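Mind looking over this structure? Questions follow.
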Amino acid sequence: MLIEARPEPPAEELLAFASTSALTLGLYELDGQLVSGNPAFLKIATHNRLETLAAILPADGSVDDWASRLGSQIRLQFEANLDTERGTRLFRCELRLVRTQHQRPRAMLSLFDLTDQRVSETEQDRKSTRLNSSHVS
């Protein structure tokens, strides 16, 4: 079996790919300034004023040192409520260190909408609770 190892594509290629898919990706400098993003990200960034990463980072300070931590970790994850055209939605946010064609490291922010999943989980929990309480009676 032959397995070919290829280097990870540059961040610009990822953004180009994401512009035609459901991915929501933004690219930031390591000082936290927004460089670019795919159309889905730029819509959310505009609604929420995400010109800097500080605008989306958790207020509890859990990832304040994100730039230094990205060098030693694969990714940082946190959740954020963001305004969208569909109202306020809950997103899982992932920050990863990426190399661009200019070989300058940057931070790629990926957003994954969790809202529908959480609503479904809550509904299942309620059904389960009702079933369990009906068996007890």
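Counting Lys +1, Arg +1, Asp -1, Glu -1, what net charge surrounds R106 among other residues with beta carbon under 9 Å of its beta carbon?
Computed value for this residue: +1.
While we're here: Per residue, how big is the convex hull around the C-alpha atoms of segment 27-115? Give it to me in cubic angstrom, could you?
Dividing the Cα hull volume of segment 27-115 by its residues yields 90 Å³.
With just the Cα atoms defining each centre, how far is segment 101-124 from segment 63-91? Give it in Å.
With segment 101-124 and segment 63-91 each reduced to a Cα centre, they are spaced 8 Å.
So how far apart, in nm, are the two label points at Q33 and N81 if each is 7 Å from Cα heading toward Cβ?
3.2 nm
Starting from the Cα of D116, step 7 Å along the direction of its Cβ; do the same at H47; then give the gap between the two resulting points in nm.
About 1.5 nm separates the two model spin labels.
In nm, to one decimal, how far is the modelled label at A54 from the one at R92, with both set 7 Å along Cα→Cβ?
About 2.9 nm, to one decimal.
If you add up the charges near N48, with Lys and Arg at +1 and Asp and Glu at -1, over every other residue whose beta carbon is less than 11 angstrom from its beta carbon, what do you get?
Charge balance in the 11 Å sphere: +1.
Rule-based calculations on the coordinates, nothing more; no lab input. Note that the structure is predicted; figures quoted are calculated from it, not measured. With ideal geometry, Cβ positions are generated from the backbone for all residues, glycine too; neighbour counts draw on all protein chains shown.
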